[in-house]
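The values are calculated or read from the model by the stated rules, or taken from the named source; none is laboratory data. All of these numbers come straight from a predicted model, not from anything done at the bench. Ideal geometry is used to build each Cβ from the backbone, glycine not excepted, and the neighbour counts take in all protein chains shown. Areas reflect the complete protein model, heavy atoms only, side chains present, ligands, DNA and RNA absent. Shrake-Rupley method; radii C 1.70, N 1.55, O 1.52, S 1.80 Å.
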Amino acid sequence: MIIPMTDSYGLMRQMEERIAALPIGYISRKNINGKTRYYLQWKENGKVKSKYLREEETEEIQAQIEERRQLQKRLKELKKKFPALEESGRQFETKVRIGNELAGMAASVEGLEKRELYHRIPQYLYGNVRTKVCIVYGLRRTGKTTMLLQAVADMSEEDFARAAYIKLRTVDEMDQLTRDLDRLYQAGYKYVFLDEVTLMKDFIDSAALLSDIYVPMGMRIVLSGTDSLGFWFARDNELYDRERTFHTTFIPYREYSHILGIDSIDEYIRYGGTLKAGETDFDDEELLEESVAFRDDESTRRYIDTAICKNIQNSLSCFAFGKYFGQLQSLYETGELTGAINRIIEDMNHRFVLEVLTRPFVSHDLGITERNLKRERDPEKRTDILKAIDKETVTKNLMKMLDIRNQEEQKIGITPSHIVQIKKYLEALDLIVPCPIEYGMAGMEPEERILFTQPGMRYCQAQALVYSLMKDETFRMLDNKTISYVTERLLGEVRGRMLEDIILLETSKVLGKDYEVFKFMFGSGEFDMVIFDKKNSACAIYEIKHSAHCVRQQARHLMDEEKLGLISPRFGKLTGRFVLYLGESLDTEDGIAYRNAEQFLKNLPEITLESGLEEVF
């Protein structure tokens with residue numbers, strides 16, 4: 001239930017005000033000279049006092065006296081049932097919210113959709129485990145605070161009366177927090193939500209106090225914060241197995257669509273990774289005001305600086321007096337760690353775009369764009385401009401861009417060991433996920449491809465890079481309409497490759513350890529995705545196309561007998577060949593099944609390991 005503004009504490013105050021306004025005492029009757037007289041009588045300072053009543057008043061006064069009696073009885077029951085801290089004793093050292101203040105905050109999330117993992121919070125709050133804390137962590141704008149307040153709003157009246165929300169700040173320390181927890185415990189509070197707890201400098205090194213002292217006493221403690229790496233350190237070094245952890249950073253397409261009511265994969269590619277609506281800023285001056293984190297390249301850089309780089313540096317500097325900086329210590333001391341993290345993220349993004357636009361220049365992305373532009377049915381859109389572009393120069397310029405890192409301003413260069421350590425932390429933040437690539441050629445070892453869990457971040461930086469390619473001399477001489485049209489076609493190829501990454505990432509996360517999900521490369525061409533059912537020794541192969549049109553050429557690799565012959569000996573019976581695209585689902589005479597990619601992503605949670613690959617299809 002949503003707690004109304006008039007919560008139990010407010011209700012008690014209203015009852016007290018109403019009781020004070022109602023008449024006290026009782027009505028007596030007296031026979032005076034043969035006439036009945038009515039008096040309201042009560043005691044005051046030990047003396048009986050009375051007031052004459054007209055006969056027509058008695059019925060209303062009697063009703064008010066009975067109302068007062070019932071309110072007093074109900075108020076007595078409420079005071080026994082609900083703990084409270086007297087106003088004069090509410091001298092908290094941290095920002096503790098209870099009663100009306102907390103009710104107002106909980107009311108603000110009324111009507112908002114819930115994250116898929118939300119149900120785990122009530123499971124923890126009302127479960128039987130007595131030795132664990134609950135941790136909800138992830139990057140900014142992924143719904144953490146909203147979920148905490150939704151848990152408060154869904155409480156019964158009795159549980160809400162024993163709930164407290166504490167917003168921690170950088171000036172707070174664990175000693176102050178524990179003293180407030182002691183006050184809350186003494187007052188009968190059971191459910192405590194600690195938001196932004198990693199802002200406390202000594203949290204990581206003293207987190208075990210919460211699980212070892214207060215949880216065994218009967219408290220239920222939910223921790224939340226944007227400093228994901230801080231929780232990662234705390235889990236490994238302080239809390240061990242005394243926590244239940246839920247990570248909010250990864251927001252799959254199906255959930256993004258459900259929460260925000262958006263059914264466009266392109267919208268998800270542009271802005272996916274954070275929730276544009278739903279998380280409220282509660283007195284946190286450090287958060288940015290913008291509702292869309294990946295609105296443009298500048299906002300994306302700002303998000304990386306504040307939400308990711310600051311996250312890593314804060315955790316490293318707070319934990320064990322900074323001893324876990326390791327190879328990054330020198331970068332931190334010279335103030336270059338933020339720039340280094342940013343450059344590595346950008347480099348991964350740039351190399352992604354480089355692969356999209358240059359590696360298979362003749363046979364794939366840019367070549368397909370060139371060929372499609374020349375074959376446009378609409379004469380006004382038909383052009384061979386990409387044929388005139390100096391592809392070699394464009395490629396060289398793009399390669400050169402990857403090396404522009406203001407190296408002359410760097411005191412310390414980024415070494416391979418820096419890259420390894422930063423990537424490890426980015427994985428811990430659930431920002432990047434490695435995806436295997438298998439090869440169908442002898443002597444080729446499997447590789448890893450980096451997938452970003454926040455597509456909006458990748459797309460904005462890719463978009464800025466693609467536009468930079470438009471500086472080609474020949475291209476700049478075209479009219480604005482043609483430039484815009486060709487640029488959009490190039491960005492369409494980027495969205496196409498991103499669609500592949502999204503499907504690979506989400507499929508692998510849902511299917512779990514009994515399946516392998518990977519790309520399969522040949523000397524010429526690839527299967528965009530292979531799903532290998534290890535338990536049943538079966539597989540399915542996929543082409544992924546960012547197009548709403550069914551074109552036979554899309555399935556050419558799926559019909560190549562030589563390529564198909566390399567699959568079954570290694571990955572079992574081939575049970576399906578599919579094209580995932582943006583059009584309607586249909587089956588062709590060649591045995592190729594076309595399935596809508598957006599629907600495929602939405603249906604992924606329904607796949608069970610017991611049902612095998614049939615559910616995937």
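Given 25 °C and 0.890 mPa s, compute D for the range 119-239 with the Stokes-Einstein relation, Rh being the Kirkwood radius over Cα pairs; round to the nearest whole µm²/s.
171
If I ignore ligands, DNA and RNA and count only protein heavy atoms, how much of Ile251 is accessible to a 1.4 Å probe, in Å² to the nearest 10?
Its accessible surface works out to 0 Å², give or take rounding.
Note the full-extension length gain between Lys535 and Arg570 as 0.36 nm times their separation in residues minus their Cα-Cα distance, in nm to one decimal.
Extra length available between Lys535 and Arg570 comes to 11.2 nm.
Could you work out how much longer the chain between Ser468 and Asp202 gets when fully extended? Use 0.36 nm per residue separation minus the Cα distance between them, nm to one decimal. Walk me through the intermediate numbers first.
Values: separation 266, 0.36 × 266 = 95.76 nm, distance 4.49 nm.
Once the chain is fully extended between Ser468 and Asp202, it gains 91.3 nm.
In nm, what is the difference between 0.36 nm times the number of residues separating Asn33 and Glu77 and their Cα-Cα distance?
Additional length available on full extension: 11.3 nm.
Rank these residues by their accessible area, most exposed first, probe 1.4 Å: Ser315, Ser417, Ser468.
Most to least solvent-accessible, the answer reads Ser417, Ser468, Ser315.
Counting only protein heavy atoms, what percent of the accessible surface of the range 110-199 is carbon or sulfur at a 1.4 Å probe?
Numbers: 1280 of 3130 Å².
After summing per-atom areas, the C and S share lands at 41 percent.
Using θ = phi - 60° and the Karplus relation 6.51 cos²θ - 1.76 cosθ + 1.60, list the HN-Hα couplings for the range 63-73 in order, rounded to whole Hz, with x at every Gly or Pro.
5, 5, 5, 5, 4, 4, 4, 5, 5, 4, 5
Efficiency by 1/(1 + (r/R0)^6): what FRET value for Ala21 and Gln176, r their Cβ-Cβ distance, R0 = 56 Å, to the nearest 0.05?
0.85
Hey, can you grab everything whose amide H is under 5 Å from the amide H of Val133? Only 5+ residues off in sequence or another chain; H modelled, so Pro and N-termini drop out.
The list, which skips near neighbours in sequence, is Glu243, Arg244.
Extending each Cα 7 Å along its Cβ direction at Glu488 and Gln599, get the distance between those two points in nm, one decimal.
So the label points at Glu488 and Gln599 sit 2.6 nm apart.
At 1.4 Å probe size, put His549, His557 in order of accessible surface, largest to smallest.
Largest accessible area first, the residues go His549, His557.
Going from most exposed to least, what order do Ile308, Ile262 have by accessible area with a 1.4 Å probe?
Ile262, Ile308
Which ³J(HN,Hα) values, rounded to whole Hz and listed in residue order, are derived for the range 428-436 from phi using the Karplus coefficients 6.51, -1.76 and 1.60 in 6.51 cos²θ - 1.76 cosθ + 1.60 with θ = phi - 60°, glycine and proline given as x?
The phi angles translate into 5, 6, 6, 8, 10, 9, x, 10, x Hz.
Given labels modelled 7 Å from the Cα in the Cβ direction, how far is it in nm from Ala63 to Gln186?
In this crude label model, Ala63 to Gln186 measures out at 4.7 nm.
For the pairs Lys573/Lys602; Lys310/Lys513; Lys114/Lys201; Lys423/Lys519; Lys76/Lys190, flag any whose C-alpha to C-alpha distance is greater than 29 Å. Walk me through the intermediate numbers first.
Values: Lys573/Lys602 26 Å; Lys310/Lys513 33 Å; Lys114/Lys201 31 Å; Lys423/Lys519 22 Å; Lys76/Lys190 21 Å.
The answer is Lys310/Lys513; Lys114/Lys201.
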